[in-house]
Amino acid sequence: MARTQAYNRVEALESAMALFWRKGYHATSMKDLEGALRMRPGSIYAAFKSKENLFTEALDLYFERGQQSLSNQIDQEKDGIAALEAHLRSFVPDGAVPDHPQACMIVKAILETSVPSPTLADHARILFNKARKGFQQVFEMAQAKGDIAESHDPVQLARKYQADITTLRLGNHIAAGSENNKELADIFIQNLNALRKS
């Protein structure tokens, strides 16, 4: 009887997330996954049912990590705008160029899978919209505390903020560490702080 290889599910998902994020869904082969997860094909299918399901779970993990990061910023900062500023700054590489992709994995998934794998693209869109809703709630919180004026629309602010992050992360993906990216982040942050009541 073949011995079943023990595995840590979270560690396996983290490895899959890093691989899918770097290579994309379609460019990642089962052989790639075997090496990254250190699991045999049968064990991967037994644990995650399919490559598509493994990708979905890895994408969920990526989303959850992003939400936790924003939640931590809210806990640490004095107000919602400061939390959003810190969250945005977290996407500006400081020092050495990171060895992982900088473009958003969710955005990459939407672009890559829309035609060949619409089910995956739909799931990625749901997560993208959930992330925007989270930003909207932070703006609503800031508005309720009187940090920004009632005349601002939190829905539109969240759309703009998410677009800013997407733009910044794409710039980092193309040229991580570029001064242009840092300058762009400064502009986005100035726009955020301009929302504060004078």
Only one of Ala124, Ala103 is under 21 Å from Ala18 (Cβ atoms), open to solvent by less than 20 Å² (accessible area, probe 1.4 Å), modelled with pLDDT of 90 or more and not charged (D, E, K, R), namely Ala124
Residue count, the range 26-46 (criterion: open to solvent by 20 Å² or more (accessible area, probe 1.4 Å) and either more than 23 Å from Gln102 (Cα to Cα) or not aliphatic (A, V, I, L, M) (or both)):
14
Mind telling me which of the residues Ser117, Ser90 ends up being surrounded by fewer than 20 Cβ atoms within 10 Å (Cβ to Cβ) and free of Cβ contacts under 8 Å to residues at least 60 places away in the same chain?
Ser90
Working carefully through the options Lys78, Lys145, find the one that is open to solvent by 80 Å² or more (accessible area, probe 1.4 Å) and in contact (Cβ under 8 Å) with a residue 40 or more places away in the chain.
Lys145
Starting from the range 43-56, take each residue that is free of Cβ contacts under 8 Å to residues at least 60 places away in the same chain and list its partners that are surrounded by fewer than 18 Cβ atoms within 10 Å (Cβ to Cβ), counting only C-beta distances under 6 angstrom and pairs at least six apart or across chains.
Ser43/Gln5
Subset of the range 150-167 [open to solvent by 30 Å² or more (accessible area, probe 1.4 Å) and among the small types (Gly, Ala, Ser)]:
Ser151, Ala163
Which condition does Val97 not pass, out of (1) β-branched (Val, Ile, Thr); (2) open to solvent by 30 Å² or more (accessible area, probe 1.4 Å); (3) modelled with pLDDT of 95 or more, if it passes all the others?
(3)
Residue set Phe55, Phe63; condition out of contact with any Pro (no Cβ under 9 Å at 6 or more places or on another chain), at pLDDT 95 or above, open to solvent by less than 50 Å² (accessible area, probe 1.4 Å) and under 16 Å from Phe135 (Cα atoms); output residue Phe63
Exactly one of (1) within 19 Å of the chain's Cα centre (by Cα); (2) open to solvent by 30 Å² or more (accessible area, probe 1.4 Å); (3) among the small types (Gly, Ala, Ser) is unmet by Ala131. Its number?
(2)
Given the condition among the acidic types (Asp, Glu), assigned to a helix (DSSP H, G or I) and within 18 Å of Gln73 (Cα to Cα), answer yes or no: does some residue in the range 168-181 qualify?
no
Within the range 157-192, the residues that are among the aliphatic types (A, V, I, L, M) and farther than 16 Å from Gln136 by Cβ are Leu168, Leu170, Ile174, Ala175, Ala176, Leu184, Ala185, Ile187, Ile189
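The values are calculated or read from the model by the stated rules, or taken from the named source; none is laboratory data. Small disclaimer: the values here were computed from a predicted structure and weren't measured. Neighbour counts run over all protein chains shown; Cβ positions are idealised from the backbone, glycine included. Accessible surface is based on the protein model in full, side chains and every heavy atom, while ligands, DNA and RNA are left aside. Shrake-Rupley method; radii C 1.70, N 1.55, O 1.52, S 1.80 Å.
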